[in-house]
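Heads up: the structure comes next, in structure tokens.
The values are calculated or read from the model by the stated rules, or taken from the named source; none is laboratory data. Source: prediction; values computed, not measured. When we count neighbours, we look across all protein chains shown, and the Cβ atoms used for this are built from the backbone with ideal geometry, even at glycine. The area values use the complete protein model at the heavy-atom level, side chains included, leaving out ligands, DNA and RNA. Shrake-Rupley method; radii C 1.70, N 1.55, O 1.52, S 1.80 Å.
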Amino acid sequence: MSSIDLRGLVPAPVTPFTPDGDVDHGQLRRLARWLSDVQGVKGLVCLGHAGEGTFLTPREQVAVIETLVDEVGDRTPIIAGITGEGTAVAAEETARAKAAGAAAGLVYPSHGWLRFGFQQGAPQERYREIFEATGLPLILFQYPDVTKATYDLDTQLEIAAQPGVFATKNGVRNMRRWYTEIPALRREVPDLQVLTCHDEYLLPTMFDVDGALVGYGSLAPEPLVQLIAAGKAKDYAAAHAIHEQLLPVTKAVYHRGSHMEGTVALKLGLVHRGVLDDATVRSPLRPLAQGAAAEIGAALDEARLPAVGVTV
């Protein structure tokens, strides 16, 4: 098993852009330094959905990893989202990430599976071939139950037992399955690190996991670290209180409609908190409706998440 310890909060930071649409590496450094300084943050995951990773060119993807590694990689592992469609393409993407300094890869399901499903054995092959080609430690990523890229329990167990796989980001969003599959993973692969990614309703999963790998952690790392600690202590009252504190923000960010709008909302929230200067996103994402920034700012204020002093 990998020596990487993600048992805590693992934010998936956004990728800041300049108003002209270029990656803003100065803001990226500032965001990474702020997150890494929060006690309880165990790693940063770039180039996933929250990071608009599929909207970046391969050269830009490498540059993002290099910037994060240069800024905080000596104390916080940088994990790269691996989103390439074909297995060979994903393996090349993983090799580039490793050369740029990534400590691990978060392997997304092949995106064609979201609509059309997958052939039995294909996910196992995807993880096996990526690891054999690169040697980079990998995280199993379970997509939501409403998609055709969700993995049944047998598939998860087989992937989790393969060489190189050390953690699972479980986003099944089906609590009937969660209460069946998480105990099975714990029993069959006891060293596997189990991370939730249920950004929009974290509370029910907090008592069964080692940590949380969430875009939400990019905006509200301080209370989410406390929420994870309360879950590990089996302190439901404390966990529920943090959940209620965050609920206005959860609604403002994740209950807007399309889940992709959450990325835009995260950036607006980070501007309100003083971490980012700009909330520019890339197409096909679009700015939110007029008034959204004020709504998100009011929610952050209600949740007592203040502006922070972060310098470039």
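Top mean-square fluctuation among Leu106, Leu153, Leu227, Gaussian network model of the chain, C-alpha springs under 10 Å?
The residue with the greatest mean-square fluctuation here is Leu153.
May I ask you to give the solvent-accessible area per residue for the chain, in square angstrom, as obtained with a 1.4 angstrom probe?
Solvent-accessible surface per residue comes out at 40 Å².
Near Lys232, which lysines are there with a Cα under 21 Å away, not counting those fewer than 8 places off in the same chain?
Lys42, Lys169
If each DSSP helix of 4+ residues adds -39,500 (n - 2.57) and the sum is divided by the residues in the chain, what number results at 222 nm, nearest 500 deg cm²/dmol? Walk me through the intermediate numbers first.
On the way: 11 runs with 134 residues, N = 312.
Value at 222 nm, helices only, nearest 500: -13500 deg cm²/dmol.
Hey, got the dipole for the chain? About the Cα centre, +1 on K and R Cβ, -1 on D and E Cβ, debye to the nearest 20? Show your work: numbers first, answer last.
On the way: 28 positive and 37 negative charges, 78 e Å.
For the chain, the charge dipole is close to 380 debye.
Where a Cα-Cα gap under 16 Å defines reach, which aspartates and glutamates qualify for Lys234, not counting those fewer than 8 residues away within the same chain?
Filter leaves Asp208, Asp210.
Give me the percent of accessible area attributable to carbon and sulfur for segment 79-151, probe 1.4 angstrom.
On the way: 1550 of 2880 Å².
Of the solvent-accessible surface of segment 79-151, carbon and sulfur hold 54 percent.
Give the residue from Ala265, Ala241, Ala307 lying farthest towards the positive end of the charge dipole for segment 236-312; charges sit on Cβ (+1 for Lys and Arg, -1 for Asp and Glu) and the dipole is referred to the Cα centre.
Checked the options; the winner is Ala265.
Got the relative contact order for the chain handy, in percent, Cα pairs under 8 Å and 6 or more residues apart?
20 percent
Which one, Gln162, His198, Ser218, projects farthest toward the positive side of the charge dipole computed for segment 132-222 from Cβ point charges (K/R +1, D/E -1)?
My answer, from the dipole projection, is His198.
Using a cut-off of 20 Å between alpha-carbon atoms, which lysines can reach Lys251, once sequence neighbours fewer than 8 places away in the same chain are excluded?
Output for Lys251: Lys267.
Mean-square fluctuation check for the chain, GNM, Cα pairs under 10 Å: which of Arg173, Arg29, Arg187 is largest?
Residue with maximal mean-square fluctuation among Arg173, Arg29, Arg187: Arg187.
Build a GNM of the chain with springs between Cα atoms under 10 Å: which of Val189, Val281, Val45 gets the top mean-square fluctuation?
Among Val189, Val281, Val45, the largest mean-square fluctuation in the Gaussian network model of the chain belongs to Val189.
What nm distance separates the two modelled labels at Gln162 and Glu92, each placed 7 Å from Cα along Cα→Cβ?
The modelled label-to-label distance comes out at 2.0 nm.
So if R0 is 45 Å, what FRET efficiency would Ala122 and Gln39 give, r being the distance between their Cβ atoms, rounded to the nearest 0.05?
0.65
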